[in-house]
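First comes the structure, then the notes that go with it.
We did not get these values from a lab; they are worked out from the coordinates using the rules stated. Small disclaimer: the values here were computed from a predicted structure and weren't measured. A quick note on method: Cβ atoms are made from the backbone with ideal geometry, for glycine too, and the neighbour counts reach across all protein chains shown.
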Amino acid sequence: MKTKAEETIDIPIVRSIADLRSAIALWRAAGETVGLVPTMGALHEGHLALVRASRAKMDYTVATILVNPLQFGPDEDLESYPRDEAEDAGKLAEAGADLLYAPPIEEIYPEDFSTKVEVTGLTDVLCGVFRPVHFSGVATIVTKLFLQALPDAAFFGEKDYQQVLVVRRLARDLDIPVCIETVPTVREADGLALSSRNAYLTVEERAIAPKLFETLGEMAAAIREGCSIAKTVASSEAALRRAGFGPIDYLEVRDPETLALVDGPNRPARIFVAAHLGKARLIDNLAVTD
Ligand code: AMP
């Protein structure tokens with residue numbers, strides 16, 4: 001017999017599109033709303049915040065776990081990406097998700113799979129430049145998940161801000177009737193944005209990592225006070241390098257809707273950064289003004 005402390009909360013898991021649709025059809029028939037939370041697993045409090053946001057708004061919440069090969073470049077961490085489905089399932093159950101959809105790759109990409117969803121424009125900048133196949137992989141899997149589950153709403157983290165814009169655009173352009181909800185970035189106490197890839201950091205690198213968000217905060221304050229954006233960016237990049245960061249893919253101030261570069265004051269602006277630290281590539285973003 002299990003003691004109370006050992007009891008685990010379970011969550012139903014479906015692995016096929018047919019089973020996903022049957023489960024959701026039952027809820028729909030009862031007039032209930034459905035929220036979708038797509039993830040790649042290795043779940044942390046950031047993912048669970050999405051589940052909780054869905055639970056708060058929707059009658060039922062479906063979380064998905066799939067390490068989507070299409071969104072990884074040839075030299076990226078597809079093989080080493082952390083995976084622990086049993087642990088993830090427990091976390092999802094505890095956070096109140098109603099169903100876990102964890103299909104095998106073959107269910108999603110049959111051998112002769114040959115269609116891609118490509119969002120242009122928004123993907124020509126920031127991560128799109130450094131990860132050329134990434135957003136088409138994201139757009140393709142997200143479109144498929146939307147069409148498989150047909151949720152009323154889907155929940156995404158602001159941590160991946162460019163991704164949210166891409167997903168909003170594809171839903172609008174392809175007339176997919178899903179409401180895209182965003183959830184603020186969940187951070188460690190020292191400001192580091194939670195990420196499954198933080199697991200790649202050594203103890204020394206982990207001590208340096210919070211400098212990224214700290215720098216964004218300082219930059220936002222300086223720009224609000226009227227400092228030149230170009231000078232602020234240059235000195236902040238130098239500060240990150242001094243702190244121990246490796247290559248900085250980008251540190252840029254852009255329009256929060258169009259992602260056009262912002263170079264002057266009094267315009268809506270958001271700061272975006274991607275920087276390498278050891279084996280990890282950390283990304284973050286922060287609003288200067290709304
Ligand atoms: P991933 O598993 O990295 O593909 O992320 C799945 C979802 O969780 C995406 O919508 C992410 O933006 C979101 N997410 C990841 N990290 C965080 C975080 N620290 N705070 C809020 N949402 C997050």
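Given in Å, the Rg to one decimal and the Dmax to the nearest whole number for the Cα atoms of region 127-238 are 17.4, 48.
Taking every lysine pair in the chain that is 8 or more places apart or spans two chains, those with Cα atoms closer than 21 Å amount to 10. Kirkwood-type hydrodynamic radius, region 101-189: 14.1 Å, calculated from all non-identical alpha-carbon pairs. Normalised by the number of residues in the chain, the average gap of Cα pairs under 8 Å and 6 or more apart makes the relative contact order 16 percent. Each label point was placed 7 Å from the Cα along the Cα-to-Cβ direction; for GLU225 and ARG242 their separation is 1.6 nm.
A Stokes-Einstein calculation at 37 °C with viscosity 0.692 mPa s, built on the Kirkwood radius of region 16-132 over Cα pairs, returns a diffusion coefficient of 204 µm²/s.
Taking region 1-85, how much of its Cα-Cα pair set, in percent, is spaced more than 22 angstrom apart? Could you put the intermediate results ahead of the total?
Working: 1530 of 3570 pairs.
Within region 1-85, distances greater than 22 Å cover 43 percent of Cα pairs.
Per DSSP helix of 4 or more residues, -39500 (n - 2.57); summed, then divided by the residues of the chain. What does that give at 222 nm, rounded to the nearest 500? Walk me through the intermediate numbers first.
Numbers: 10 runs with 109 residues, N = 290.
So the helix-based figure for the chain works out to -11500 deg cm²/dmol.
Distance between the 7 Å Cα→Cβ label points at GLU111 and SER22: 2.7 nm. The angle separating the long axis of helix 161-173 from the principal Cα axis of greatest extent in the chain is about 60 degrees.
Output the relative contact order of region 57-186, whole-number percent, from Cα pairs under 8 angstrom with separation of 6+ residues.
Details: 140 pairs, mean separation 32.9, N = 130.
Averaging sequence separation for qualifying contacts and normalising by length gives 25 percent for region 57-186.
Relative to the dominant Cα principal axis of the chain, helix 134-149 is inclined by about 30°. Over region 201-290, with a single point scatterer placed on each C-alpha, what log10 of the ratio I(q)/I(0) does the Debye formula yield at q = 0.18, 0.25, 0.26 1/Å? Cα-only, vacuum Debye calculation for region 201-290: -0.72, -1.24, -1.32. Ratio of Rg to Rh for the chain: 0.98 [Cα atoms; Kirkwood radius as inverse mean 1/r over pairs].
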